Number of protein chains: 2
Amino acid sequence: MSDLVRIGLVQMRCEVEPARNLAAALAAIEETAAAGAHIVVLPELFRSRYFCQSEDHAAFDLAEPVPGPTTEALAAVARKCGVVVVGSLFERRAPGLYHNTACVLDADGTLLGLYRTMHIPDDPLYYEKFYFTPGDLGFRSFETRFGRIGVLVCWDQWFPEAARLTALAGAQILVYPTAIGWHEAEREEFGVGQHAAWQTSQCAHAIANGVFVCAANRIGREQTVDFWGASFVCDPFGQVLERASHDRVEIVMADLDLRRIEQVRRHWPFLRDRRIDAYAGVVQRFGDGPA
Amino acid sequence: MSDLVRIGLVQMRCEVEPARNLAAALAAIEETAAAGAHIVVLPELFRSRYFCQSEDHAAFDLAEPVPGPTTEALAAVARKCGVVVVGSLFERRAPGLYHNTACVLDADGTLLGLYRTMHIPDDPLYYEKFYFTPGDLGFRSFETRFGRIGVLVCWDQWFPEAARLTALAGAQILVYPTAIGWHEAEREEFGVGQHAAWQTSQCAHAIANGVFVCAANRIGREQTVDFWGASFVCDPFGQVLERASHDRVEIVMADLDLRRIEQVRRHWPFLRDRRIDAYAGVVQRFGDGPA
């Protein structure tokens with residue numbers, strides 16, 4: 001396994017018709033692979049519009065089994081192109097039991113495993129708690145042909161615990177399939193700050209854990225939300241290597257030297273110095289930490 | 001208690017003679033209080049040069065008991081000026097037992113308590129593990145006349161667990177007395193990135209926890225280290241409100257509206273959504289997180 005990995009993030013616009021989005025994603029994976037990528041990351045729930053803007057029982061019809069049609073299509077293209085693919089889908093696990101799930105396909109098409117989103121938001125126009133049961137698979141990493149990948153999704157971006165646990169599980173690259181945007185009513189006053197905080201938060205995960213971090217977001221207006229794109233890759237120093245626009249369909253390509261992880265961690269040996277004897281309070285909701 | 005708090009960070013140069021540094025710190029506190037500050041934060045180990053650049057048994061002579069001469073002098077000026085003071089000192093707890101300790105003096109001069117630095121670095125020119133026994137008081141917050149303050153020190157800046165636990169202990173403002181700088185040999189290649197990562201990491205603590213964050217650093221060259229100043233205050237959105245230069249003695253003053261904490265947390269309800277059922281692995285050194 002080489003230490004040099006080229007990663008491509010697919011920044012796409014999602015249309016109403018799922019089949020069209022899947023076709024666009026498959027084409028983007030082929031294009032990204034042809035440009036030399038070893039790993040391709042799709043945005044969160046790329047097969048549909050962001051249906052969580054309202055609570056609509058009919059939207060559960062968008063869910064599908066895993067393995068199922070989308071993972072099979074992604075597996076086929078992964079195998080065909082010899083690339084690792086990280087996908088995201090609305091999983092129907094059982095009648096009445098749904099998850100916001102990411103899947104990791106190895107470069108031979110093997111479904112290496114799933115990550116079911118652990119942190120579920122609920123905010124005006126992001127009614128995810130209505131749709132998604134919180135994940136029960138914990139924080140994981142996946143040994144792919146081109147590196148050990150940890151997958152987290154969207155709202156997880158704001159929780160340092162998620163990044164830490166995924167890094168402790170051995171991840172070299174954290175990838176965040178994402179669907180985040182500006183509310184029309186908030187953008188003027190808070191838009192710049194919201195986007196900055198989103199990027200800062202993820203770059204800090206890279207620094208704290210000495211890992212690469214990638215976020216793949218969608219673009220485009222859907223009802224009153226403008227998805228802000230700006231998909232990016234940062235290194236274990238928290239420095240942004242590549243970043244997309246706010247409003248264009250793009251592939252973000254970055255070359256990662258995985259040896260940089262050990263280099264940075266040797267100079268910033270945070271893993272050496274964690275006070276694991278004093279962190280028990282992290283599992284508390286609030287209140288005093290351990291004495 | 002008002003929700004409007006003015007905080008002042010003392011960015012100072014530390015000379016060889018401890019008495020001179022203490023006098024400068026006391027004068028700076030008076031000056032900052034006269035400018036309307038309610039809380040004044042001193043840099044880490046401000047009473048001396050940064051002695052950890054070498055392992056020198058004679059340097060333990062700089063340590064002092066707590067309470068002791070420095071806390072008494074800080075208490076007197078706190079009482080005189082009616083300001084809360086966060087100080088930092090080399091604590092001699094018993095023969096052969098020393099800590100890197102912060103103290104919180106309330107505005108009436110009461111010593112509210114101590115924080116003994118939990119995370120101790122050890123790096124070329126930062127030989128702190130030689131001098132400081134890791135703290136045994138855990139992560140705490142202190143209810144002062146002007147707000148509930150959590151104190152962390154320098155190397156703690158890089159550990160999201162420290163910020164999280166201190167916020168869960170009720171802190172509204174995290175303050176980091178600091179002594180960080182560039183190695184002469186690294187500055188040209190890595191200096192900008194090191195400073196950026198330092199600020200990013202702390203702004204991320206503000207975002208993740210919905211708290212104000214302040215870092216008070218020293219300036220000046222001591223042997224081959226250039227302490228980089230850049231003391232700053234950021235809001236719970238992670239936005240830098242005020243920031244000092246890299247190389248001048250300065251007071252950084254910022255007006256904090258503590259109501260902003262609830263406002264930001266209502267819109268970014270991360271504390272609501274933490275998966276405390278799934279964080280047990282945080283107390284592990286490495287390996288898989290919980291299943």
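Laboratory data are not the source of any read-out in this text; all were calculated from the coordinates shown. Since this is a predicted model, take the numbers as computed values, not measurements. Heads up, the Cβs are rebuilt from the backbone with ideal geometry, glycines too, and the neighbour counts pull from every protein chain shown.
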Note down the magnitude of the dipole of the protein assembly as shown about its Cα centre, charges +1 on Lys and Arg C-beta and -1 on Asp and Glu C-beta and zero elsewhere, to the nearest 20 debye.
600 debye
Region B:79-132 versus region A:233-256: alpha-carbon centroid distance in Å
41 Å
Shielding by other protein chains, B:192-204, mean Cβ within 10 Å:
5
Within the set B:N21, B:N209, B:N217, GNM on chain B using Cα springs under 10 Å gives the largest fluctuation to B:N21
Quick check on region B:4-268: of the DSSP beta bridges with both residues there, what percent are antiparallel, nearest 5%?
70 percent
Cleavage-rule hits (chymotrypsin sites (Phe, Trp or Tyr not before Pro)) in region A:61-155: DSSP loop, at most 13 neighbouring Cβ within 10 angstrom
none
Restricting region B:16-58 to GluC sites (Glu not before Pro) in coil, as DSSP defines it, with at most 16 other Cβ within 10 Å:
B:E55
R0 of 35 Å, Cβ-Cβ distance A:R265-B:H267: FRET efficiency to nearest 0.05:
0.50
Along the dipole axis of region B:161-285 (charges at Cβ: +1 for Lys and Arg, -1 for Asp and Glu; origin at the Cα centre), the most positive-end residue among B:A169, B:A278, B:A197 is B:A278
Relative contact order in percent for region B:1-137 (Cα pairs under 8 Å, 6+ apart) equals 21 percent
Simple label model, 7 Å out from Cα along Cβ direction - A:A196 to A:D255, nm
3.3 nm
Give the aspartates and glutamates whose C-alpha is closer than 14 Å to that of A:K80, dropping any in the same chain fewer than 8 places away, or say none.
A:E30, A:E31, A:E72, A:D106, A:D108
In terms of the alpha carbon gyration tensor, root eigenvalues a ≥ b ≥ c, rounded if a/c is under 1.5 and otherwise prolate when a/b exceeds b/c or oblate, chain A is rounded
By the gyration tensor of its Cα atoms, with a ≥ b ≥ c the square roots of the eigenvalues, what is the shape of the protein assembly as shown: rounded for a/c under 1.5, prolate for a/b over b/c, or oblate?
prolate
How many angstrom lie between the Cα centre of region A:1-47 and the Cα centre of region A:49-68?
21 Å
For chain A, which longest stretch is free of loop sites, where a loop site is one of the trypsin sites (Lys or Arg not before Pro) that DSSP puts outside H, G, I, E and B and that has at most 13 other Cβ atoms within 10 Å?
A:1-247
Expressed as a whole-number percentage, the relative contact order of chain B with C-alpha contacts under 8 angstrom and at least six residues apart is 19 percent
Expected 222 nm ellipticity per residue - DSSP helices of 4 or more, -39500 (n - 2.57), all of chain B, to 500
-8500 deg cm²/dmol
By the C-alpha gyration tensor axes a ≥ b ≥ c (rounded if a/c is under 1.5, else prolate when a/b exceeds b/c, else oblate), the shape of region A:159-291 is oblate
Placing the label point 7 Å from Cα along the Cα-to-Cβ direction, what are the distances from A:G287 to the equivalent spots in the other copies, shortest first, in nm to one decimal?
2.7
Counting only other chains, and only Cβ atoms inside 10 Å, what mean value do you get across the residues of B:216-227?
0
